[in-house]
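One structure is given here, and the rest of the page talks about it.
The values are calculated or read from the model by the stated rules, or taken from the named source; none is laboratory data. What you see is a predicted model; the values in this text were computed from it and never measured. Positions of Cβ are backbone-derived with ideal geometry, glycine not excepted, and every protein chain shown enters the neighbour counts. Protein only, heavy atoms only, side chains kept; ligands, DNA and RNA dropped before computing areas. Shrake-Rupley method; radii C 1.70, N 1.55, O 1.52, S 1.80 Å.
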Amino acid sequence: MRIAVTGATGRLGGAVVHEIAAHGSVRPVALTRRQPPEGLLPAAAEVRQADYGDVDALHKALDGVDTLVLVSSDGETAHVMTHHANLVGAAVAAGVSHIAALSSVDADTASPFCYAMANGYTEDLIRRSGIPYSLARASIYAEFFGHWLTTARTTGTLRLPAGDGRIALVSRADVGHALAALALGAATGRHHDITGPAAPDVGEIAEITSRAWGVPVRYEELTPAEYLAETARAGEDPWWLYAFTSMFASVREGRWAAVSGEYGRLTGRVPAALQDVLPAL
C-alpha cells in the first residue's frame, strides 16, 4: 500500500511521513517541490518531485498511490485553491482510493477568514471528486499563535483584535498524529475536528503564557483598525496583514471555540495543552 503525502519537507508533512513509515506494511511516498536534504525523510520513503502548479508532474507523482494525504498549500488563497484543484484532479486521474485532507475547524466559504474560505472550497472539491475521503479539521496551531506570544513575552502585552473569542489551540504534532491515523485507516466520509483540550479566550491565553514563562503578559484588546495600522507600521507583508486580520475576525465570531474529543478517539492519545507547547517556543 502506498500513501503519498504532500508538503513532505514541511514540519507537518514530514511528521506524517515519519509516522507512516513506522508502519512496515505501508510505503510512504513523499511529494516535494524540490529534492529534500539528505536524512530529512526516513529511508523507507520514496521521494517524488512535483510542483503543485505542474499538473502533468502531479499525475505522474500519484501513479500507483492508494491514499493521498493532502497537506494544505501555502501563500495567497487564489494560489492555494488552484493548487488543491490540481491535486484533487490528479488524484482522480491516478485512481487514488482515499484522500485524507488537512482542513480547518473554520472551513466555511462564508467565513471572514481567507483560509477558511479556501478550506471550504477544497472540502467541496474533494466531496465532488467521488473519491472516498477523511477530513482533519484542525484548530489554530499553538505554535502559529506563538508568533504573537513570543512578542508579548518581550513587551508584556498581547495586543490583538480578538475580542472575547475563544480558541481551542492545538499542537502541530497532534494534527500530524491525527492525519496519519486517518491516512492509515479506511475513509470515514466525514470531518474530524482536531483541537486542544480547552478553549481559553485571549486574556486567559495571556495568563497561561505568563505562568508558563514566569513573565508578566496581559491581553490588550485592539480594534481591527488599530491592529491594521499598528501591524502595517511594523512592516508586515500586505497579504499576511490581510490574512491575520481576517483570522481574528473569525475568532471574534467564535468560530474556533469548539473543543472536540476526536483526536483522542483517532489516536488514543491526550491532546497537548497550551502550557505543554509553550516551553518549545
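Brief remarks follow.
- Under Karplus coefficients 6.51, -1.76 and 1.60, residue-wise ³J(HN,Hα) of region 161-170 in Hz, glycine/proline x: x, 9, x, 9, x, 9, 9, 7, 3, 10
- Check: region 16-155 dipole with +1 on Lys, Arg Cβ and -1 on Asp, Glu Cβ, in debye: 120
- For region 120-243: rounded, prolate or oblate by the Cα gyration tensor [a/c cutoff 1.5]: prolate
- Signed unit charges on C-beta, dipole axis of the chain, positive-most listed residue Val26, Gly203, Thr245: Val26
- For Arg159, the residues whose modelled amide H falls within less than 5 Å of its own, excluding neighbours fewer than 5 places apart on the same chain, are Glu220.
- Anisotropy class of region 1-135 from Cα gyration tensor, a/c 1.5 cut: prolate
- Under the membrane-span-like helix rule (DSSP H runs whose alpha carbons stretch at least 20 Å along the helix axis, mean Kyte-Doolittle hydropathy 0.0 or higher), the chain yields 77-94, 238-252.
- Sorting the segments 210-223, 66-79 by their mean number of nearby beta carbons within 10 angstrom, highest to lowest, gives 66-79, 210-223.
- Each residue of region 31-41 was assigned a 3J(HN,Hα) from its phi angle through the Karplus curve 6.51 cos²θ - 1.76 cosθ + 1.60 (θ = phi - 60°); the sequence is 8, 9, 7, 9, 4, x, x, 4, x, 5, 10 Hz, with glycine and proline shown as x.
- Cα centre as origin, Lys/Arg/Asp/Glu Cβ charges: the chain dipole, Debye: 560
- List Tyr242, Tyr115, Tyr227, ordered by accessible area with a 1.4 Å probe, largest first: Tyr242, Tyr115, Tyr227
- Taking every C-alpha pair closer than 8 Å and separated by at least 6 residues, the mean separation divided by the residue count of the chain gives a relative contact order of 18 percent.
- Accessible area of the chain belonging to carbon and sulfur atoms, whole % at 1.4 Å probe: 51
- Helical runs (DSSP H, four residues minimum) scored at -39500 (n - 2.57) apiece and divided by the length of the chain put the mean residue ellipticity at 222 nm at -13500 deg cm²/dmol.
- Taken as Cα centroids, region 175-250 and region 144-166 sit 9 Å apart, rounded to the nearest whole angstrom.
- Accessible area per residue for region 1-61, computed on protein heavy atoms with a 1.4 Å probe, is 51 Å².
- Ordered from largest to smallest accessible area (heavy atoms of protein chains, 1.4 Å probe), the residues Leu241, Leu278 come out as Leu241, Leu278.
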